[in-house]
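Have a look at the structure below before the remarks.
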Amino acid sequence: MNFLVRQKARELLKSGNIQIKNNPSSLRNKFLGKVKKVTVVTAAFNAEKFIRKTIESVINQSMGIYQIEYIIIDDCSTDDTVKIIQEYAARYKNICLVSLQENNGSPGTPRNIGIELGTSKYITFLDADDWLAPDGLESLYNILEETGDDYVVGKTVKVESESETVIGEFASIKERRSITPLDVPHFFYHMGPTARMMNLSMVKENEIGFPNMKFGEDKWFFTDVFFKVRAVSTTKKPIYYVNRTSENPYSLTRVTNVLDKRKADVEIIRYIQSKDIAIELKRVALNRIYEYDIVKTFDSQTFVKSKKKEDFIEVLRDAVETTKNLSYDFKNEFKVPIYKFAIELFMADRIDDFIRLFEWLKQDANKKYLIKDCLPYYELPFLEGVYRFVRIPMLARAIDSYVIDNVYHQSFEIYGDDINNIESVLIRDRKRMDNEINCEVRIEGNRGHFTVSLDEIDRMEKSLFTVFIRYNDYQLVNIKRILKNKMAYNNKNVEFYTTVANNLGLAIKSLE
């Protein structure tokens, strides 16, 4: 089935109902300008608060602004967004402003206009409230030129008011060259437009575009990209900064209702199923949506606290209905055991148990674990028989710690599938990037040990940190340390806890 998702963009460009300043395809620009290295496309709507920072981040790129073809499509803004863009378009002939007369309600069609107008070898997308690292474009461009690959992705940094974190770290954890999307587990799980550059002719010739959807247009687009690329590369370099500060509460990601997102995902499932592609690619793309988007939604306070849980259940029913067309058991593709367990409960029509499972996951602070044959399990207190226990991929628990000669020593026990793939212990700042320590770790059977010098800790910026075990390149597991165990009994609060002197203590208090 062929979806001409860029057709609306073509019709708008032919209609004459839009205004274009500094059209890259004009005879003047073709005659006077050299072919640019990269096309940057920004879809803008009521972005006056941040659009200057966005544009300036392109102008100040290390490769030079005149190596860049910057196409900004204003989706009928009602504030001063157009006025601000016009200022820059007047100063730079390679900044193209496209003004639409009607709002599309989605960045899909505006981005498609950018694809249609683009004339460079490569293309990338930049949202109107985000910004690029100063050498972001040059880093991606150089990798594509060196490798001849169709696609490259770097590090995306989410900037919040008091913290910075990496989005989709698996995609940028190390330098990789000329691999396939299937060579990186979870490669299909980071599908936003951020920090990536691709061959523009590959996009155009394969009729790849963004559907005019309020949510999910990125998954649609990049799924098609991954279906067509010959080879991809990844880099550890920071490329793109996503604005999630308190000053930006109206980003589309934030204001889109979670149920609307999941309904859009069901549309994308049907689209992927319609594609004539290799079954391996289809399995990976579909599982990302079935497990990571739809089932994972239930593993959230949004669902647990919702008074309309049946609405969530109905979307899941619609998603499960689509699996009847598959030639394989979709459940067997799930990577997270408890999500596979949940969907098995659901398909056994144990809806109440399905709901209780996620309520227990989000609300029970005293989860019980079982170790059997050196593998970790949750014990579910509300289920019996074969449903009583469910696997955990990895479980680590602190055992003992001490300091000798200004070196902190920590031992722990570790159980799970990937003990042989443990690489290090990561002490990571909870709020800031790059304020972290990687520690060597020694694993012997199900026991582990790591050390870190107090001098090394002293060089860190003051903050709060989480201690993880890193395995399989990018996956992390917390080292659990149970300091409190609290319960209610006979109108009393009973709490076992760790004292200041690291002894086991017990507190008994009235519930009143």
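Summary table below
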| read-out | value |
| --- | --- |
| Options 335, 331, 307: the member that is outside any loop (DSSP other than H, G, I, E, B) and of a type in the set (Lys, Arg) | 331 |
| Residue 424 vs. criteria exposed (fewer than 14 other Cβ atoms within 10 Å of the Cβ) and under 30 Å from the mean Cα position of the chain (by Cα) | no |
| Residues of region 73-88 satisfying the condition of being of a type in the set (A, V, I, L, M, F, W, C) and assigned to a helix (DSSP H, G or I) | 82, 84, 85 |
| Top-ranked residue in region 191-209 [being among the polar types (S, T, N, Q) and open to solvent by less than 40 Å² (accessible area, probe 1.4 Å); ranked as nearest to residue 4 (Cα to Cα)] | 199 |
| Residue match in region 455-475 (condition: more than 27 Å from residue 175 (Cα to Cα), out of contact with any Ser or Thr (no Cβ under 8 Å at 6 or more places or on another chain), part of a strand (DSSP E or B) and open to solvent by 30 Å² or more (accessible area, probe 1.4 Å)) | no |
| Selection within region 44-103 - crowded, with 20+ Cβ neighbours inside 10 Å, touching a residue at least 60 places away in the same chain (Cβ under 8 Å) and farther than 25 Å from residue 15 by Cβ | 50, 51, 54, 57, 58, 61, 68 |
| Residues of region 170-190 classified as open to solvent by 10 Å² or more (accessible area, probe 1.4 Å) and assigned to a loop (DSSP other than H, G, I, E, B), total | 7 |
| Any helices (runs of 4 or more DSSP H) falling wholly within region 196-261 and containing at least 1 residues that are more than 22 Å from residue 166 (Cβ to Cβ) and modelled with pLDDT of 90 or more | 200-205, 217-228 |
| Flag for residue 291 being free of Cβ contacts under 8 Å to residues at least 12 places away in the same chain and not hydroxyl-bearing (Ser, Thr, Tyr) | no |
| Residue satisfying all of: in region 142-160; over 22 Å from the mean Cα position of the chain (by Cα) and at negative phi; surrounded by the most Cβ atoms within 10 Å (Cβ to Cβ) among these | 143 |
| Residue 322, sole failed condition from (1) open to solvent by 30 Å² or more (accessible area, probe 1.4 Å); (2) out of contact with any strand residue (DSSP E or B) (no Cβ under 7 Å at 6 or more places or on another chain); (3) in contact (Cβ under 8 Å) with a residue 12 or more places away in the chain | (1) |
| Residue ID - farthest from residue 172 (Cα to Cα), chosen from residues in region 433-447 that are assigned to a loop (DSSP other than H, G, I, E, B) and open to solvent by 40 Å² or more (accessible area, probe 1.4 Å) | 445 |
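The values are calculated or read from the model by the stated rules, or taken from the named source; none is laboratory data. Small disclaimer: the values here were computed from a predicted structure and weren't measured. Here the Cβ is made from the backbone with ideal geometry for all residues, glycine too, and neighbour counts use every protein chain on show. Just so you know, the surface numbers come from the protein's heavy atoms only, side chains and all, with ligands and any DNA or RNA stripped out. Shrake-Rupley method; radii C 1.70, N 1.55, O 1.52, S 1.80 Å.
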